[in-house]
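The values are calculated or read from the model by the stated rules, or taken from the named source; none is laboratory data. Computed from a prediction, not measured in an experiment: that's the story for all the values here. Here the Cβ positions follow ideal geometry from the backbone for every residue, glycine too, while neighbour counts run over all protein chains shown. We work out accessible area using only protein heavy atoms, side chains counted, and drop any ligands, DNA or RNA first. Shrake-Rupley method; radii C 1.70, N 1.55, O 1.52, S 1.80 Å.
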Amino acid sequence: MRLENTGIEDSIVDLRPLDHLTGKHAFIRAGQWDYERVTYDYRIGSQEKNVTYYIRIQGHAIEGDVDKGDAVIKLLTPLLGKHYYPHGVEYGEAENFPESLVERAHTLVAKVADEIQHYKK
């Protein structure tokens, strides 16, 4: 599910402050990057058997190199996904997300978006 109108989409931010502020809000990049792309995930446990939810903030380098740490990242529309073990994460609009989870996702992304405003290029 796309989380529209969060204020993050199309923001342009240097990688180092982006890593810092997303980490401050428990969005983890870990090994989810390559030389041109980054992905930050926020994991939300579920009472459902073998189901975990993820809020995902993605971006791509418009300058520099993620590996070298000098990239300038343009952020995309955040996503809310449902991970079905062992099949993977589904982001489709056909997924059924509890309204409280959608509200929580918007709130968490809004906090990151507020801080990004201080670092936007």
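As a check on your grasp of the helix formula, calculate [θ] at 222 nm for the chain: sum -39500 (n - 2.57) over DSSP H runs of n ≥ 4, divide by the residue count, round to the nearest 500. The helix-only estimate for the chain comes to -7500 deg cm²/dmol at 222 nm. Segment His20..Arg2, full-extension length gain: 4.1 nm, with 0.36 nm per residue of separation and the alpha-carbon distance subtracted.
The eigenvalues of the Cα gyration tensor, multiplied by 5 and square-rooted, give the chain an equivalent ellipsoid with semi-axes of 25, 16, 12 Å from largest to smallest. With the simple spin-label model, which puts each label point 7 Å out from Cα in the Cβ direction, the Thr77 to Ala30 separation comes to 2.6 nm.
Taking a straight line from the alpha carbon of Lys121, these aspartates and glutamates sit under 19 Å away, with near neighbours fewer than eight places off in the same chain left out: Glu9, Asp10, Asp14, Asp19, Glu36, Glu63, Asp65, Asp70.
Solvent exposure of segment 1-73 amounts to 55 Å² per residue of accessible area, where only protein heavy atoms count and the probe is 1.4 Å. By accessible area, using a 1.4 Å probe on protein heavy atoms only, segment 1-97 has 45% of its surface on carbon and sulfur.
Of Lys24/Lys120; Lys24/Lys74; Lys82/Lys120, which pairs sit farther than 21 Å apart, going by alpha carbon to alpha carbon? Among Lys24/Lys120; Lys24/Lys74; Lys82/Lys120, the Cα-Cα distance tops 21 Å for Lys82/Lys120. Sorting 66-74, 95-103, 31-39 by their mean Cβ neighbour count within 10 Å, with the most densely packed peptide first, gives 66-74, 31-39, 95-103.
Gain on full extension, evaluated as 0.36 nm per residue between Glu103 and Thr52 minus their Cα-Cα distance, stands at 16.7 nm.
For the options His60, His20, His106, a Gaussian network treatment of the chain with springs between C-alpha atoms closer than 10 Å singles out His20 as fluctuating the most.
For the chain, a simple Cβ point-charge model (Lys and Arg +1, Asp and Glu -1, everything else neutral) yields a dipole of about 300 debye relative to the Cα centre.
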